[in-house]
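Engineer: Pasting a structure below so you can have a look.
Where a number appears in this text, it was derived from the coordinates with a stated rule and is not lab data. Since the model is a prediction, treat every value here as computed from it, not as a measurement.
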Amino acid sequence: MQTSATIAALSTGSLPSGVAVVRLSGPEAFAAVRSLCGGLPVPRTLALKTLRHPTSGIALDQGLVAIFPAPNSFTGEDCAELQVHGSPAGVKAILTALTGACGLELAAAGDFTRRAFENGKLDLTAVEGLGDLLAAETESQRRQALSRLEGGLSDQIIIWRALLLDARAEIEARLDFSDEDDVPFALPAQFIDDLQSLGRVLKGALSTYDRGRIVREGFRIVLAGPPNAGKSSLLNRLAGSDVAIVTAEAGTTRDTKDVAIDLGGQLVTITDTAGLRDTDSLAEGEGIRRAQSAIQAADLVLWLIPPDGETLPSVDLDVPLWRLGTKSDLGGTELDVDLSLSVLTDEGITALLKRLESHIEGRLGPSEASLVSHLRDKEALDRAISSIETALTHIDQPELCAEDLRRAADILAGLIGLMDNEAVLDRLFAGFCIGK
């Protein structure tokens, strides 16, 4: 366990609130609690205490206090929690006393979770799972994040890495002890089959990334089409509020606008875009460029076609596309579209939502949570698979094969934080809120 400064922070939401929790962690956490409360409660038992300033003795608040001795705490250090009233003035007075009279430091974003990682309470994939859980907005996100937090991915990685280390040991034993009579030079008969089987298992895990990414980040739907096709009106209807400006003037939308909705328990991000057309306007031109970029990053494009519009997009698309005929209440020419709708009369809206829900369920496949959901997972598995495939080509060159297997094992070790990169850690923990 690492020794470090003692930190404190408000761990609950914005004030005022019904209850506020001030969290402490570090070697002086219990001394600080004793200074505020005059004594310590029984570990892991809430005790009602009056909190007083350590030097003046003035009462600051009254609340429930709990202590968690190391190493059996969230951070692995001595921890304490002060459950007090959610008063801005009260919390400020308590934190001022802790940082002034008690000499504690205010925690930065992610400091508590980083200490949990550094003290072996969480690995990196579990840390990411915790971050995902804190940000979860839908039931599917909650299930996936909780599975990752509980070690679903790290348990698999530990097994895969152990198999790689065993394979590497087989080769290095023959390199280091090839002159010993009791160490056969030939590799076991199943060595290549086992390595190929491991590669297939990693590829199977990698194949779930798209599903995991969609659950975690949301299914991305982009509304595209010519100007004045009804994109912003449809966005407002799907969002259930007037989030986008709607006028009869073509080219009103100049930038992309994202709105998140919950569709059948899945997070869906709908993006409104500028109408695609030739223009001399620099502002509108930039909006069109951003629209094209959003289209290419989409999971599904809804191409909106007004009664007098073209049925096909004027740009090349490399993503799934549905053609929606808009403003059906105006009548007009029969269009070759997948679905007709009217925001004014609600015609086709229910059918569109049901079809979207069915399509997203089809993309996600089985209902169980995917453990591979971060780009970091995908990149690491890609590189590990590549190293295993290279190792198989070097079977007749034991030194190179052993090095390929070492590289694959190290890549997996880095994924769970056994071999960490400081820049990766800084970026990861900076994404947490203060107090977590």
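Engineer: Please check: in the Gaussian network model of the chain (C-alpha springs, under 10 Å), which one of GLY199, GLY362, GLY414 has the largest mean-square fluctuation.
Structural biologist: Between GLY199, GLY362, GLY414, it is GLY362 that shows the largest mean-square fluctuation.
Engineer: Here's something else I'd like to know. GNM on the chain, C-alpha springs below 10 Å: top fluctuator among GLN144, GLN156, GLN190?
Structural biologist: Judging by the Gaussian network model, the answer is GLN190.
Engineer: Continuing with this model, one more query. Given H placed on each backbone N at 1.01 Å, which residues far from LEU51 in sequence or on other chains put an amide H within less than 5 Å of it?
Structural biologist: LEU60, ASP61, GLN62, GLY63
Engineer: Taking every pair of distinct Cα atoms and averaging 1/r, then inverting, what Kirkwood hydrodynamic radius in Å comes out for segment 1-40? Walk me through the intermediate numbers first.
Structural biologist: Details: mean 1/r = 0.0867 Å⁻¹.
Its Kirkwood hydrodynamic radius stands at 11.5 Å.
Engineer: Once amide H atoms are built 1.01 Å from N in the peptide plane, which residues 5 or more positions from GLY86, or in another chain, come under 5 Å H to H?
Structural biologist: Placed amide hydrogens put SER17, VAL19, ALA20 under 5 Å from GLY86.
Engineer: Go through segment 140-150 residue by residue and turn each phi into a ³J(HN,Hα) via Karplus (6.51, -1.76, 1.60, θ = phi - 60°); whole Hz please, and just put x for glycine and proline.
Structural biologist: For segment 140-150, the Karplus-derived couplings read 5, 5, 4, 4, 5, 5, 5, 4, 5, 4, 7 Hz, x marking Gly and Pro.
Engineer: A further question on this structure: What are the principal axis extents of the Cα atoms in the chain, in Å, biggest first?
Structural biologist: Sorted from largest, the Cα extents of the chain read 80, 79, 39 Å.
Engineer: Let me ask something else. So what J values fall out for segment 8-13 if you push phi through Karplus, 6.51 cos²θ - 1.76 cosθ + 1.60 with θ = phi - 60°, rounded to Hz, Gly and Pro as x?
Structural biologist: 8, 6, 6, 9, 9, x
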